[in-house]
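Accompanying notes for the structure given below.
Laboratory data are not the source of any read-out in this text; all were calculated from the coordinates shown. This one's a predicted model, so the numbers in the text were calculated from it and none came from an experiment. As a convention, Cβ positions derive from the backbone with ideal geometry for all residues, glycine included, and neighbour counts pool all protein chains shown.
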Amino acid sequence: MAQGDSFATPAFAKVFLSFAFGLAIGAALVLPVVRDDLAPLASGGSGAVRGVLLIGLFSIAIVSMGLFGLYRISR
Amino acid sequence: MAIQLSIAGADALPAGALQISPALVVLLLLTAIVVAVIYAYQPPLPQTMAVAFVPWIVTGAILSVVAAHGQYPTYLEPVFTEPGAYITAMFVPGVVWAAMLNLSVSRRALPAYHQYIGTMGVGAMAILWAALIIEVGSSRLTMMLVLVVVPVMALLATGLIALSIGFWSPDFVDYAAITGGFAVFGALVNGIATATNFAVLGDGAHTAFSSAVRGIVLAVAPGGVVGVDATHLWVWLFLVANVAIGVHVATRLAPYAETSPRAVNAMLGFVGAVGFALGFDRLLVLVVG
């Protein structure tokens with residue numbers, strides 16, 4: 001490749017978009033399997049299932065915040 | 001060994017024939033095309049490229065477990081179970097990488113594709129973790145902490161090991177600190193996972209290498225040494241041997257990184273990725289089943 005090894009500084013919007021794209025890819029990969037399990041969640045579900053869902057959402061939120069923090073630190 | 005497609009079903013195959021599903025063949029062909037496209041661009045390989053693939057390796061490992069617990073359409077199952085899950089998990093970032101290379105041909109500076117691929121992998125991995133929790137249930141959440149604790153501990157240990165390597169191998173620090181460290185990290189995770197496996201599952205979980213280390217220790221010091229029994233001794237020696245292999249490979253290849261950084265980064269990244277993938281997969285199967 002002619003350009004050499006210089007990389008453009010990634011824009012935050014593109015990094016965030018990559019993360020969102022990753023979430024979409026992950027969802028597309030597992031949706032056929034977890035679709036049936038998500039139905040009870042949509043209709044309220046039991047306490048344990050709601051807890052599991054909350055943990056999942058929290059983990060995504062924590063990863064998102066951590067990613068944002070790392071990005072801010074590195075700039 | 002005969003290789004035949006299993007279109008007609010397993011009953012039609014002769015004994016000893018290896019079954020390869022059409023979906024897996026298509027996936028392999030597409031992956032080969034993507035690899036060829038990336039190779040044709042001869043892109044620079046920064047040291048962090050290997051790290052960018054870590055979340056994709058985790059994604060592949062979790063995908064195989066989720067697929068084993070869930071119900072994919074039969075014809076697609078080989079793509080989502082081992083080893084197809086790992087190929088799928090590598091195919092997706094490969095396509096993204098190839099697309100970015102193609103779109104950036106005329107630009108002066110390349111997009112930081114390793115950062116985009118890594119970030120995308122983190123997103124996919126987050127969803128896969130959530131799916132794993134939903135699929136397996138909340139009963140094994142505590143045990144699943146092992147999957148986080150072991151890589152984090154291995155990462156800390158790798159940092160210390162990498163620092164100590166710097167005392168006697170300046171090339172390692174100058175040219176291959178991240179990829180070399182990644183190779184050591186992969187060897188360490190693999191060693192811990194193997195040791196954990198045979199601690200929990202017994203002799204059946206031994207690999208050829210762990211059996212060899214145990215055999216040597218039991219032959220040399222069957223009663224242990226200075227208060228340390230033979231079992232502890234060979235488990236620790238096994239871990240040290242794993243790390244030693246990683247360190248040896250990293251320090252031997254590091255000097256060549258000055259003149260051939262792409263080749264060295266690719267090799268060390270591959271060594272680290274294989275070690276990490278094997279280790280994480282063993283841990284995941286042990287914890288989740």
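The table that follows gives values for the structure above.
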quantity	calculated
Cα gyration tensor shape of the stretch B:136-213, rounded if a/c is under 1.5, else prolate or oblate by comparing a/b with b/c	oblate
The stretch B:145-281 shape via C-alpha gyration tensor axes, a/c threshold 1.5	prolate
Net length gained if the chain between residue B:236 and residue B:99 were fully extended (0.36 nm per residue, minus Cα distance)	44.8 nm
At R0 = 41 Å, FRET efficiency that the Cβ-Cβ distance of residue B:203 and residue A:59 yields, to 0.05	0.70
Distance histogram in 5 Å bins (all Cα pairs of chain B, percent per bin)	1, 5, 10, 13, 15, 15, 15, 12, 8, 4, 2, 1, 0, 0
Rg and Dmax [Cα atoms of the stretch B:18-139; Å; Rg one decimal, Dmax integer]	15.8, 53
Extension reserve of the residue B:20-residue B:260 stretch, reckoned as 0.36 nm per residue once the Cα distance is removed	82.7 nm
Under the span-like rule (Cα at least 20 Å along the axis, Kyte-Doolittle mean at least 1.0), DSSP H helices of chain B	B:22-41, B:54-69, B:84-103, B:113-136, B:146-168, B:177-201, B:230-253, B:261-288
Net lengthening on full extension, residue B:211/residue B:38 (0.36 nm per residue, minus Cα-Cα)	58.3 nm
The stretch B:68-130: chymotrypsin sites (Phe, Trp or Tyr not before Pro) falling in loop per DSSP and having at most 13 other Cβ within 10 Å	B:75
Within chain B: Cβ-based charge dipole about Cα centre, in debye rounded to nearest 20 (Lys, Arg +1; Asp, Glu -1)	440 debye
Cα gyration tensor shape of the stretch B:121-171, rounded if a/c is under 1.5, else prolate or oblate by comparing a/b with b/c	oblate
